[in-house]
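Novice: Quick one: the structure is below, and I'll ask about it shortly.
The numbers here are math on the coordinates, done by the rules we state, and not lab data. The model shown is predicted, which means the values in this text are computed figures rather than measured ones. When we count neighbours, we look across all protein chains shown, and the Cβ atoms used for this are built from the backbone with ideal geometry, even at glycine.
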Amino acid sequence: MKISNEFKIGVLAVVAVAGLILGFNYLKGSSAFHHNKKLYAVFDNVEGMEVSNAVLINGLQIGTVSAINESDQDLTKGIVVTIALKKDVHIPENSIGVINSGLISSATIVITKGDATQFLQDGDTLQTKKKSNLLAQVQESVNPVILKLGSTLTSLDSLIQAIGSMFDPRLKGNISATVANLAASSAQLQILLNAQTSALAQSLKNVNTFTANLAKNNDHITHTLENVEKTTSNLAAAKIPETVESLQSAVNEMKSLLTKVNSSNGSLGLLLNDKKLYQNLEATTRSLNILLDDVRIHPKRYVNVSVFGKKDKSGPLMAPVDSTTAVKPANK
């Protein structure tokens, strides 16, 4: 049977189309002859992500993105990314996937392995986390710098205006006067500091002298402290309460004695308080003085001895005689 050229061309075209489809699917990560395990990941934003982009764990490509589909028409539940695994690796259930976008390279899904003992199976959903791309990170870092730069430029503008106003002659004169006053004040302050430094040096010298004297008299101070300690020990050992009690008893007895003396019941009280007794004692003493003076001046009146001659017949004394008065000789 003879095959026509048209049939041959048709068969060749079918084979070419089939090969093209198989090759395209292979490049996307799917194989018509081998069933790959699939995982699903839901992201809020898949900017930069395309089909056939790599899926990495610890830098090793374990699969590719086989499909990117919307979860619903309003995209309220995120975007579903289908991952076709090429390598049979264990991925813990609590592993997390993030989209890592570069400035030049295409976006990839990077899976950070967890520590769970259970692993993801075919058709499970991978946990995801939002990660800012490099451009957003650069923008977040640049924005504060731009704000600070704007504030710096504003401050610089104010400084330039202030410097421009300093060229006013009156302001320059005020600044010169202020600088001169500051110079004079600093000179006075230096003089004051020098004086205070001298006084401080003298005070330190006096302190050194005082401490040296204390060091020299350390033995005397120690001896004095020992004496003080002995004195306080003796005071502590002394029977001060008993002594005070005895003194109080003596004071009470003295009060009782003075009370009796002041009263008119006793002899001593009568002697001190009775005026008549005092007058009688004074009269008796005066009479005794007169008698003794009379005996001294006129002894013959009281002693009749022939040795003294005739008896003295003069009258008796009526008042005491002063001890300085000369005694008259007796009549013979």
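Novice: Go through 87/131; 38/87; 255/276 and tell me which ones have a Cα-Cα distance over 22 Å in this structure. Numbers along the way, then the final one.
Specialist: Working: 87/131 25 Å; 38/87 11 Å; 255/276 27 Å.
Long pairs (Cα-Cα over 22 Å): 87/131; 255/276.
Novice: Starting with the fewest neighbours, write out 49, 254 ranked by other beta-carbon atoms found within 10 Å of each beta-carbon.
Specialist: On the way: 49 18, 254 10.
Fewest-to-most ranking of 49, 254: 254, 49.
Novice: Residue 215 to residue 258: FRET efficiency via 1/(1 + (r/R0)^6), r the Cβ-Cβ distance, R0 45 Å, to the nearest 0.05?
Specialist: Working: r = 59 Å, r/R0 = 1.31.
The calculated FRET efficiency here is 0.15.
Novice: Sticking with this one: Amide H to amide H under 5 Å from residue 63: which residues, 5+ apart in sequence or cross-chain, H placed 1.01 Å off N in plane?
Specialist: 55, 86
Novice: Continuing with this model, one more query. What is the distance, in nm, between label points placed 7 Å from the Cα along the Cα-to-Cβ direction at residue 248 and at residue 71?
Specialist: 9.9 nm
Novice: Residues with beta-carbon under 9 Å from that of residue 98, excluding residue 98: net charge, scoring Lys, Arg +1 and Asp, Glu -1? Don't skip to the end; give the middle numbers.
Specialist: On the way: positive: 129, 130, 131; negative: none.
Once positives and negatives cancel, what remains is +3.
Novice: Taking 7 Å along the Cα-to-C-beta vector as the label spot, tell me the residue 129-residue 226 distance in nanometres, rounded to one decimal.
Specialist: Distance between label points: 8.0 nm.
Novice: At a 10 Å Cβ-Cβ cut-off, how would you order 51, 244, fewest neighbours first? Provide the component values of the computation, followed by the final result.
Specialist: On the way: 51 16, 244 10.
Listing 51, 244 from fewest to most nearby Cβ atoms yields 244, 51.
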